[in-house]
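The structure appears right after this line, and notes come after that.
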Amino acid sequence: MALAAGQLLKRYRIHSLLGTGGMGEVYRAHDPRLDRWVAIKIIKGTADSLAAGDLVQEARAASALNHPNVCTVYEVDEADGQTFIVMELVDGRPLAAAIGARGMAVEQVVRYAIQIASALAHAHVRGVVHRDLKSANVMIAGDVGAKVLDFGIARRHTRADVDATTRAARPQQRDNDFAGTLAYMAPECLQGAVADERSDIWSLGILIYEMLTGQQPFRGRTSFEVTSAILRDSAPPLPPHVPQGLQNIVRRCLQKEPSDRYQRSGEVVAALDAAALQTPFKPSDTPRSRKALLYGVLAAVMVLTLGSSGWYVWTRNRTVTAPIQSLAVLPFTDLSSTEPFYLADGLTDAVITELGQLGALSVTSRTSSMRYRTMQKSIPEIARELAVDAVVEGSIVREGSRVRVSAQLIRAATDSSLWSGSYERDVKDILGLQRDIARNVAEELRVRLTPQQASRFAAHPAVRREAVEAYLKGRYHWNKRTIPALQTSVSLFEEAIRLDPGYAAPYAGLAGSYVLLSNTSFSTRPSKELLPRAKAAAARALELDGELAEAHTALAYALLWSWDLDGSERAFQRALGLNPNDATTRFWHAIRLAAGGRFDDAMAEATRGQQLDPASAIVTAGVSWVSHLAGRHAQAEQQARAVLAIEPEFPIGFARLGAAHRHQRHYPQAVSALERAVQLSQRQPDHLAQLGQTYALMGEKRMAQQILDELRTQAHERYVPAFDLVLVYAGLGEHDAAFAALDHAFEEQYGLLALLSVEPDLDALRADPRFAEMVRKVTTAVRDGR
């Protein structure tokens, strides 16, 4: 459908032909209604109604994009059976023409790459995938820079069109069609997969490589050779003058497996942000030109670092239209090519804690936030799932002893950035860095700080770099919540303390590790050995920093399992006063309330913890445990099933489900669940004891006896709490043996005797006078100095 100058296409008057390509002709036209010049693309092959319908749907999605580096789609219409798209007229030249035979200057490549990646990020969070990103689809337009064309409307190209883009000889086979342009297509698309955000990231890697070298990395004389190179070969090395950081970005974009690439285009933006500040300038540049160019790059970064998920919104001098009352901190992305997660995770943890201590905000706890590390979801989706008003996200890059962090605060409802910031510090200053981020977020949300909070944010205590790293590694392992990981965390916290004895956080971490290792599923040594160490470490942390909430929490939990309910309650209240948003503190406090028979309060506290960390298996298991202690076994079963929906192979989830079934006398289901808990935990004594009691109650005394024998055998190789034997003896009705084991548990100062008066698993012993005497002994042990 060739159009002549002066011809009308609906209301648009054609001026001239701008070009032709695989998708059709592009014309310059005038829109008299709005008195503006536009570009009109008439799409070939859309007479077919299904193809036309698909195109219209895609183009309408693209028309929702509003970004300075995206060519705006104004309208999609039809005339004489042909679909056409009315777009912004971009005055400039194609990037393909600007690249040149030897490529472009590195600083110019970084600038354009940031802009293109920003455009992709903006589109991706709105569900629009480009599918045909290439140098011919990017225009360079004066001061604006790069403008990406044809978002979401690339459909299918003929083989001849593909060949034209490979800069190689014409192939011999021409009968198949391809979606996209072959030289830029990701391996998975060549293998039949549907293009997604990561496919666009591959194409971006090709484009950056092309800008740096003047050539595409995967070439050949035929389409077969090009396809083979994309599927099998590594990209040729970039020239030596390309900075290593930029080489790393291209290399990661061009990973064959989509899961090995950047998972979100916003991550590419953040990586390019870091590369922009590390890009060397040519010696021939004058100071004025260097300064102007640096300001230009930094201006792009400011647009973009809003960037880790790709919004373009000015963030200053704006009015908050609705108060933000809840937020989540997503896992910071570690863009260091070889750095493990501990640094980014530690920063994420710390920012969550600092913001949680504000009190005026509801802050989602760690576990629920961390699950979004690998999920490809938009910010609005994540916010809906977590029921929050805003999200903090960012990235971290480490080079030697320096770290660079970019962070932004995003209003979920409007996909708009409220604040962004970049920080560069020594690793040893990461404590101050996390407080700066939290303070800036608080200021942006107009959170009124107490004098104590303001003083804490202003404090930047000096800590040895090696101690900070050891602490962050310890916290990383502590969060894994396995016995080996907890034991590793003890060593790392102790190392941090040795390196810097005045650093409070490792003492609090050490206290938390000892408490967990003294308790049920993690028991490795008797409580009387580990709990005094936990209390001493927590006390030392509080000597160094009396407002360290996690130290008060660790102390409270250690006092609970030391049977000091009053001291535990005071410490919990102090911890919650400092950080009301910590789900773990809420969960542990709920157990303390249940120990005192305050079941309604306990359920309310456990539920609040679950709301703060809805994706945490251990916190949800805590709700099931509190329901169990309150005798609400149907509710305990429901919550145990919720645990397994979050983490299907979680042994504690099966243990809680088995206990709930046992108390409802669903014995076959209880055995099935508990056998799975035993298997998954590698026959952990607590789970074995639960199974043994179930067998005993259902009349399978031989099976219960076998479990008793196994527990005794295990005791020769590892610590087996005497309390586990109590459970099986109680189920068998062997009261004398049960009370003898209970006496032994008392001598071990076993922590869970704090729950003796409310534990349903011991109901069979409750009528025996010896039980009331044991409750009295436990209750008075603290007063008597035990």
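The values are calculated or read from the model by the stated rules, or taken from the named source; none is laboratory data. Since we're looking at a predicted model, the values are computed, not measured. Backbone-built Cβ (ideal geometry, glycine too); neighbour counts: all protein chains shown. Ligands, DNA and RNA are excluded from the accessible area calculation, which covers all protein heavy atoms including side chains. Shrake-Rupley method; radii C 1.70, N 1.55, O 1.52, S 1.80 Å.
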Highest mean packing first, using Cβ neighbours within 10 angstrom, the peptides 28-36, 635-643 sort as 635-643, 28-36
Would you mind calculating the gained length between Val775 and His30 on full extension (0.36 nm times residue separation, minus the Cα-Cα distance), in nm to one decimal? 259.3 nm
Using the scaling law 2.2 N^0.38 Å as the reference, what is the normalised Cα Rg of segment 399-545? 1.22
Could you run the Karplus curve 6.51 cos²θ - 1.76 cosθ + 1.60 with θ = phi - 60° over segment 237-242 and give me ³J(HN,Hα) per residue in whole Hz, x for Gly and Pro? x, 6, x, x, 6, 6
Once both labels are modelled 7 Å past Cα along the beta-carbon direction, what's the Asn479-Glu381 spacing in nm? 2.2
Modelled FRET efficiency - R0 25 Å, Ala462 with Glu543, Cβ distances, 0.05 increments: 0.90
Sorted by packing (mean other beta-carbon atoms within 10 Å per residue), highest first, where do 721-733, 442-454, 547-559 land? 547-559, 721-733, 442-454
Roughly how much of Leu492 is accessible, in Å² to the nearest 10, using a 1.4 Å probe? 30
When the chain is fully extended, how far beyond the present Cα-Cα distance does Ala413 get from Arg702, taking 0.36 nm per residue of separation? 98.0 nm
Please compute the modelled spin-label separation between Asp80 and Glu675, points set 7 Å along Cα→Cβ, answer in nm with one decimal. 7.6
If I take R0 = 45 Å and measure r between the Cβ atoms of Asn248 and Glu443 in this structure, what FRET efficiency does the formula 1/(1 + (r/R0)^6) give, to the nearest 0.05? 0.85
Counting only protein heavy atoms with a 1.4 Å probe and every protein chain in place, the carbon and sulfur fraction of the accessible surface of segment 58-151 in whole percent equals 42
Mean separation of Cα pairs under 8 Å and 6+ residues apart, divided by the residue count of segment 647-786: what relative contact order is that in percent? 15
How big, on average over all directions, is the shadow cast by the Cα convex hull of segment 655-762, in nm²? 6.3
Note, ³J(HN,Hα) from phi for segment 187-193, Karplus 6.51, -1.76, 1.60, rounded to Hz, x at Gly and Pro: x, 5, 5, 5, 8, x, 6
For a quick check: with amide H placed at 1.01 Å from N, whose amide H comes under 5 Å from Leu18's, ignoring anything fewer than 5 positions away on the same chain? Val26, Tyr27, Arg28
Given R₀ = 41 Å, what would the calculated FRET efficiency be for Asp196 paired with Glu710, taking r from the Cβ atoms and rounding to 0.05? 0.25
Mean Cβ count within 10 Å, highest first, over the residues of peptides 481-487, 536-542, 380-386, 342-348: 342-348, 536-542, 380-386, 481-487
Alpha-carbon centroid distance for the pair segment 204-251 / segment 523-601, whole angstrom: 56
Report the full-extension gain for the segment Glu257 to Asp743: residue separation times 0.36 nm, less the Cα-Cα distance, to one decimal in nm. 169.1 nm
